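Step one of this worksheet: look at the structure below.
Computed from the coordinates by the stated procedures, all read-outs in this text should not be read as laboratory data. Just so it is clear, the model here is predicted, and its values are computed rather than measured. Cβ: placed from backbone, ideal geometry, glycine included. Neighbour counts: every protein chain shown.
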Amino acid sequence: MPHQPVNGLILKKYSGFYYVQGEAGQIYECKLRGKVKKQVVLTGDRVLITPLDETHGIIERLEPRANELYRPRIANVDLVLIVMAYNRPEPVPMLLDRLLILILHAGLTPVIVLNKCDLEASQKAVDIMRIYKALGFEIIHTSAKQRCGLEQLLTAVKGKIAVFAGPSGTGKSTLLNSLVDNLAIKTQEVSAKIGRGRHTTRHVELYPMESGGWIADTPGFSVLDLPEDLSSRQLGAYYPEFAQPAGECRFQNCLHYREVECGVKQALENGQVAQLRYHNYIAVLEEVMRNERCYR
Ligand SMILES: Nc1nc2c(ncn2[C@@H]2O[C@H](COP(=O)(O)OP(=O)(O)O)[C@@H](O)[C@H]2O)c(=O)[nH]1
Ligand SMILES: [Mg+2]
Ligand SMILES: [Zn+2]
């Protein structure tokens, strides 16, 4: 009996093969049908395959992509888990804000993960809990070491493709390893089959969580770059706390910088906008304006 076509998700590309997870959870090692070979097929792409047997198939069609990230190249990411630590290293709010700008600009959802909650919280970690929670960002407290908060993390990832972001040393690899213990057995088989770890060239791989959703094995965002197409006019839109006070700005296109009668600066004085957030905003704004002058 011929096999019915199956919708699937590309978990990994490896030496000419594509590992596709079908709707029912099974994993197929696939080749591309000739007509698909002209397209760039990425980890995270949704595809239609024809199974050849229980574990092999042919990719017939690539579905349209919702988005695409570079470094690593991955398609259809929904969620970015920004990992900061309670301590060691102490969080850097400037990095957090830059990541939030990148993520919001890309149309993705950020979740702030405060890892190492087994350590005493640094002052910066306390600031983050207070300020960013009030802004409405989801914050999940975890300890990869003590395996705390992993269920909340899995709940956030459910049904989504997630990547990690954040400075090194905050525990991203350890968190993933803690979560991978819960992996569906089939993925372990695939990983064993392709000899993961023995090869030097590493491609991005999506790990399916048993509770639903996928997490990529490499950080999805560099903490350094700002998006090339980010304009000074857009920047304020990524600060949710500016929305209301900006209504009081005298100038409609106010950058909340050197302008007079600025509602955001007023809100800063009243303490409704956090100093730290405003200062980070100005630093990024000046950087964006410098870039705009260079390329105009
Ligand atoms: N105390 C504590 N240490 C942790 C925790 N998670 C990771 N670490 C340690 O932090 C260091 C960096 O972790 P790693 O996962 O390599 O961080 P990455 O650079 O973000 O991938 C390692 O020594 C880990 O053992 C945690 O929850 N608590
Ligand atoms: Mg790491
Ligand atoms: Zn203003």
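Loop-located GluC sites (Glu not before Pro) in region 102-177 (DSSP state other than H, G, I, E, B) with a sparse environment of at most 16 neighbouring Cβ atoms within 10 Å: E120.
A DSSP coil position with no more than 15 other Cβ atoms inside 10 Å describes the following GluC sites (Glu not before Pro) in region 254-296: E259, E261. Annotation: extensible slack from L226 through H203 equals 5.9 nm (criterion: 0.36 nm per residue apart, minus Cα-Cα distance).
Among K160, K172, a tally of other beta-carbon atoms within 10 Å of each Cβ gives an order, fewest to most, of K160, K172. Ranked for footprinting exposure by Cβ neighbours inside 10 Å, fewest first, I58, I103 give I58, I103.
Can you work out the FRET efficiency for the pair L135 and E29, with r the C-beta to C-beta distance and R0 = 51 Å, to the nearest 0.05? After rounding, the FRET efficiency stands at 0.70. Amide H contacts for D217 (H built 1.01 Å from N in the peptide plane; partners 5 or more residues away or on another chain; cut-off under 5 Å): E205, Y207. Model label sites at Q275 and R293, defined 7 Å from Cα along the beta-carbon direction, differ in position by 2.8 nm. Taking every full run of DSSP H in the chain, the ones that stretch at least 20 Å from end to end by Cα along their long axis and average -1.0 or higher on the Kyte-Doolittle scale are 275-295. The relative contact order of the chain comes to 15 percent, based on Cα pairs under 8 Å that sit 6 or more residues apart. Each residue of region 27-33 was assigned a 3J(HN,Hα) from its phi angle through the Karplus expression (A = 6.51, B = -1.76, C = 1.60, θ = phi - 60°), giving 10, 10, 8, 10, 10, 8, 5 Hz with x at Gly and Pro. Backbone amide hydrogens, once placed in the peptide plane, bring L32 within less than 5 Å of I59, excluding anything fewer than 5 places away on its chain.
Taking amide H positions as modeled 1.01 Å from N, with prolines and chain starts lacking one, the residues under 5 Å from Y14 and 5 or more places away or on another chain are Y19.
Length available on full extension from R65 to K37: 0.36 nm per residue minus the Cα-Cα distance, which gives 8.4 nm.
If a/c stays under 1.5 just call it rounded; otherwise compare a/b with b/c (prolate if a/b is bigger, oblate if not). Do that for the chain, with a ≥ b ≥ c from the square roots of the Cα gyration tensor eigenvalues. Note, shape of the chain comes out prolate.
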